[in-house]
1. Sticking with the crude label model, points 7 Å out along Cα→Cβ, report the distance from B:Glu204 to A:Asp82 in nm, one decimal please.
2. Rounding to the nearest 20 debye, state how big the charge dipole of segment B:4-227 is about its Cα centre with +1 on each Lys and Arg Cβ and -1 on each Asp and Glu Cβ.
3. Based on Cβ point charges of +1 for Lys and Arg and -1 for Asp and Glu, what charge dipole magnitude is obtained for the protein assembly as shown about its Cα centre, in debye rounded to the nearest 20?
4. Express as a percent, rounded to the nearest 5, the fraction of DSSP beta bridges in segment A:67-255 (both residues included) that run antiparallel.
5. Treat every Asp and Glu Cβ in segment A:67-255 as -1 and every Lys and Arg Cβ as +1, leave all other atoms uncharged, and give the resulting dipole magnitude about the Cα centre to the nearest 20 debye.
6. Which FRET efficiency value, to the nearest 0.05, is calculated for B:Ser178 and B:Ala115 with the Förster distance at 45 angstrom and r the Cβ-Cβ distance?
7. With point charges of +1 on the Cβ of Lys and Arg and -1 on the Cβ of Asp and Glu, referenced to the Cα centre of the protein assembly as shown, which listed residue (A:Ala159, A:Ser236, B:Ile89) lies farthest in the positive direction of the dipole?
8. Have a look at segment A:374-394 and report residues whose accessible surface goes down by 30 Å² or more when the remaining protein chains are included, against the chain on its own, probe 1.4 Å, ligands and DNA/RNA excluded.
Amino acid sequence: MNFFEVVRFSLRGLSANKLRSALTMLGILIGVAAVILLVAVGNGSAKAISDRIEALGTNTITVMSTGRGGSSSTALTKEMADALVDAELAPDVKSVSPVVSSSSATMTYEGSDHSVATFVGTTPSWFAASTTPVGKGTAFSADDVDQGRRVVVIGQTVAEELFPGVDPIDKQVTVGGALFTIVGVLQEKSSTGFNDANDTAVAPLTAVQQVLTGYGALTSIIVEAADPDKVDAAQSEVSTILNQKLDVAASSASTPYRIQNASSLLETQTETADTFTTLLGAVAAISLLVGGIGITNIMLVTVTERTREIGIRKALGAPRRVILTQFLIEASLLSVLGGALGVAAALIGSQFEIVGVKPVIVPSSIGYAVGVSIAIGLFFGGLPAARAARLRPIDALRYE
Amino acid sequence: MSKPVLQVTDLTKIYGQGEATVHALRGVSATVHRGDYVAIMGSSGSGKSTLMNILGALDIPTSGRYLLDGVDVSKLSDGQLALARNRLIGFIFQSFNLIPRTTALANVELPLAYAGVKPKERRRRAMEALDVVGLAGRADHEPNQLSGGQQQRVAVARALVTEPALLLADEPTGNLDSKSTDDVLQVFDDLSTAGRTIVIITHEDEVGARAKRLIRLVDGSIVTDVRQSPIHLPPVGAQHKAQGRATVGGRHTL
Ligand SMILES: Nc1ncnc2c1ncn2[C@@H]1O[C@H](COP(=O)(O)OP(=O)(O)O)[C@@H](O)[C@H]1O
Ligand SMILES: [Mg+2]
């Protein structure tokens, strides 16, 4: 009896027990698809987080004040920002953008108004440093900042709210009782968390200070390093200068300001995301296990029938090897087919957003899930058959 | 005379251990020659099935010797045993033991497949065997679509499709009505006429009466062993039938 014939026997066996075959395959399918998809969701959310952080710019450093109540001794000032532009003391700093921001500005145009989520006052270098390029029109210039000209670049959301179907360039809007001329519209940006990153407006630092925030402390200073590899060097240069300006002892552990850089943020975020993925992976592994128990159950329920069948086959003169091969092929066909369908289901499922996350398949999870399901199928499909094939025919026939 | 088809010497079979020990066979010796048609009778629990299972190489005796076609069965490897079951023995169970959800034809083809017969040849021979038991028209029916008598006839077809030297049947008519019983017995008579060796277990006197030799078992031992008709002639049932046919034929010519 050649191998091809044994395969035909297996196929006949599978089709003779359609419900059992289908249930076994379904169990494997669900287990495999769950593992791959859940891991993909974890991986996808991790990737989304790191993408957002990278979008902030990997070579920027953000300096924020930690001082309460804007006390003048701890506040960040325009002078400090200017001091950071120093070719000798800070050779790795490419640009410095002082930032003031207001979250209570209302922009009015021809009777309709819109409350801008963040109204930023800064210098032209901010656009590059914060990777927020201008999409239409132009940014304002250093000269605009020096002269305190009232020009503004608005975000997509603001443009849509105030100028539906109208080109906003050169239109005049009222902010805080002052007229601003729109010179540009920012490119659309993917939003981080709950804030709409496109609900924003950017104007020269001087104009915003004059109209909205006053000449007090800066909200933050964005420092751009010359190179992503120089971020750490730039950061230490910045803190050295700031410590001098703010009279902080070099040995002091606490500073009145906080420095954040994207790569350190990325690191902690990635760690969190990895924990998340591991957790989802564990949940998926449990579901695979439960699926496996389901398969085992179906196979064990049919052991009596199969053992009797093996008894009949042995009585008719089937060699043990042929019986074993037949049942192993049956089991592996089921688990391989179920596994393949599970992978297909996961691949299809990963095309859709799941709880707001675009899943990103981890290739190794496919190998792992398919491997485990095939092992389960082979073990629990093959083991009872192997045991039955060793029995004396009469004992197999009497089995119950 | 040529060597016997089967020869058992002092067979014993003990089931269970300790208190629950059952002596199913207590030293059975017998020899069956080619062409014989042996009926084994005995009350329930007398050890008939136990003996039959050992003869069919489905079970092994606790002690004693069993020569099948002159070969000591206890010395055969697993592979050789499979070969013996496939080529030498056709076994018919009281409970049919067809493979469920598998057509009659596929069931009958099974032993041929294990013998390595090519699919086409297999199909032809299986159809022939089904024809012998009068079920050629039910070839593609599954066991649950057949009556008990029809299932047993499929089982008979499966047992004789490999043309084994020895046909063993454990109460083949035990679950059948009188019409089906007649059909199956007719097949046995024909096979015996054709020279096959048959051993059949029964508890029905009229079944035992058709055999050439009758063995009675009581409590695991042979108590009587009677020859009812000569080994080299067709069995009585077949003779009756032959006469009947001749009569019918005679009427036709008239
Ligand atoms: N597998 C078994 N385990 C224990 N006892 C058995 C087994 N098979 C048969 N027996 C016992 O052996 C004796 C003979 O059984 P069996 O050969 O089936 O009798 P028969 O077929 O003549 O009715 C009975 O007493 C029965 O209970
Ligand atoms: Mg019995």
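The values are calculated or read from the model by the stated rules, or taken from the named source; none is laboratory data. In this text, all values refer to a predicted model and were calculated from it rather than measured experimentally. Positions of Cβ are generated from backbone atoms using ideal geometry, with glycine treated the same way; all protein chains shown enter the neighbour counts. Accessible surface areas use protein heavy atoms only, side chains included; no ligands, DNA or RNA. Shrake-Rupley method; radii C 1.70, N 1.55, O 1.52, S 1.80 Å.
1. Modelled inter-label distance: 12.0 nm.
2. Values: 25 positive and 26 negative charges, 126 e Å.
The dipole magnitude comes to about 600 debye.
3. On the way: 57 positive and 61 negative charges, 1059 e Å.
That gives a dipole near 5080 debye.
4. Numbers: 25 of 34 bridges.
Percentage antiparallel, nearest 5: 75.
5. Working: 10 positive and 23 negative charges, 78 e Å.
For this selection, approximately 380 debye.
6. Working: r = 35 Å, r/R0 = 0.77.
So the FRET efficiency works out to roughly 0.80.
7. B:Ile89
8. Going by heavy-atom accessible area, the residues of segment A:374-394 that drop by at least 30 Å² are A:Arg392, A:Pro393, A:Ile394.
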